[in-house]
1. May I ask you to compute the full-extension gain from residue 224 to residue 249, defined as 0.36 nm times their residue separation minus their alpha-carbon distance, rounded to one decimal in nm?
2. Whole-Hz Karplus ³J(HN,Hα) for segment 72-89, in order, using 6.51 cos²θ - 1.76 cosθ + 1.60 and θ = phi - 60°, x for Gly and Pro?
3. What's the extension gain from residue 66 to residue 183 if we count 0.36 nm per residue and subtract their Cα-Cα distance?
4. Could you work out how much longer the chain between residue 110 and residue 279 gets when fully extended? Use 0.36 nm per residue separation minus the Cα distance between them, nm to one decimal.
5. Mind giving me the nanometre distance, one decimal, between the label points for residue 215 and residue 145, set 7 Å out from Cα along Cα→Cβ?
6. Can you list residues whose amide H is under 5 Å from residue 151's amide H, if they're 5+ apart or on another chain and H is modeled 1.01 Å from N?
7. Net charge near residue 136: determine it from the other residues with C-beta under 11 Å of the C-beta of residue 136, scoring Lys and Arg +1 and Asp and Glu -1.
8. Within straight cross-link reach of residue 213, meaning Cα distance under 28 Å, which lysines are found once same-chain residues fewer than 8 apart are removed?
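Only the coordinates and a few stated rules stand behind these numbers; no lab work does. Note that the structure is predicted; figures quoted are calculated from it, not measured. Virtual Cβ from ideal backbone geometry, glycine too; neighbours counted across all protein chains shown.
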Amino acid sequence: MNIKKLIEKISDNWAAKIICFALAIFIYIFHQVALLDKKTFSVPLKVESEGLLTPSSQIPPYVKVSVRTKSDSISAVSSAGIKAYLYLEEYTEPGIYSVPVSLKLSSDLMLVEPLEISVKPEILRVELDEKIQKYIPVEPSVSGEVEKGYKISAMEVVPSTVKVVGPSRIVNKMKRVYTAKVNVKGAATGFMQEVSLDDVNHLVKPLPESAFKVTVVVEPEQGEMKFENVMPSIVNLNPLFLVENTVPAVTFTVGGTVPVLDKIKPDDVSVCIDCISVEAPGVYELPVVYSVQPPLSVTEKSLETVSVTVIEASVMQEETEAEEDGSSEAESEGEGVKEMEDTAAELHEERR
């Protein structure tokens, strides 16, 4: 058969032959695909932005990667052999860009045949901004309540500032960052605790990322307790003398820490009038002495001094005896009058 006849046979009904050839290829490919198994993974997306720009819009932390290969090879495929990247170094001007997601396969995965691999999304719209750095204060944050009667008097963070790196439109608005919560529940003394920073915008990177030391100073609260209408006692008075008048009651306020005030007892507080200076009867302006147990102190007093009339104890005794004698005489006279009245009544009855 010469070449001319061969060409004629090939070109005879060429349209039908092309269709059959295409169908054969499709059937072969469909058969091959039908023999492949599929696995889908969520792969972390790493952003490479070591240049002058950095993302200022949200970027998904994961992408979906699908792998198809023969069933006897699919079990060896894992997400550990797949890395997803977003390369941003090539961009030099702020703006919005469509950036393709790049995949990097391990050497073992590259040897698998056949291998079909796809990623979703394939392209991400990313807003890029100028990368800047700034030092901003670090402030502590707490949770819970300290022991009743105590308060947090001071808190300190070391280091007190942190360098943050990120897009200018975000970093320029940052005034401070906070530590993670420090639990002070039930604390009655100061303490130190190492904590990390609280959630910072993930587009901003704090440096250093190491722990921060938070020192919490806990001290007792100051309070007051009022004592009203307390009758002072008389002390250091010579037994030869007596106080004639009634001394007034006093009101005073005791100050101290709340935990100590909550435990105060009657014996811890006393009020008296010191008569050590009294050497003779008379009227004296004597000091009122307020006594409290340390560390308590008297902060307010209704009286600093009182007027006291002092007399001899013998005079008081004589007056008391005279009053008793007068009372006895009056009683005797009363009894005599009653007897006379009774006698007169009896005579009257006899005459009738």
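1. So the chain would gain 7.0 nm between residue 224 and residue 249.
2. These are the phi-based 3J(HN,Hα) values: 6, 10, 5, 5, 7, 8, 9, 5, 5, x, 10, 10, 10, 10, 10, 8, 10, 5 Hz.
3. Values: separation 117, 0.36 × 117 = 42.12 nm, distance 4.47 nm.
That pair, residue 66 and residue 183, stretches by 37.6 nm at full extension.
4. Numbers: separation 169, 0.36 × 169 = 60.84 nm, distance 11.39 nm.
Taking residue 110 through residue 279 to full extension adds about 49.4 nm, to one decimal.
5. 2.8
6. So residue 151 has HN proximity to 219, 221.
7. On the way: positive: 134, 163, 173, 175, 176; negative: 139.
Summing Lys/Arg as +1 and Asp/Glu as -1 gives +4.
8. Qualifying lysines at Cα under 28 Å: 134, 148, 151, 163, 173, 175, 181, 185, 205.
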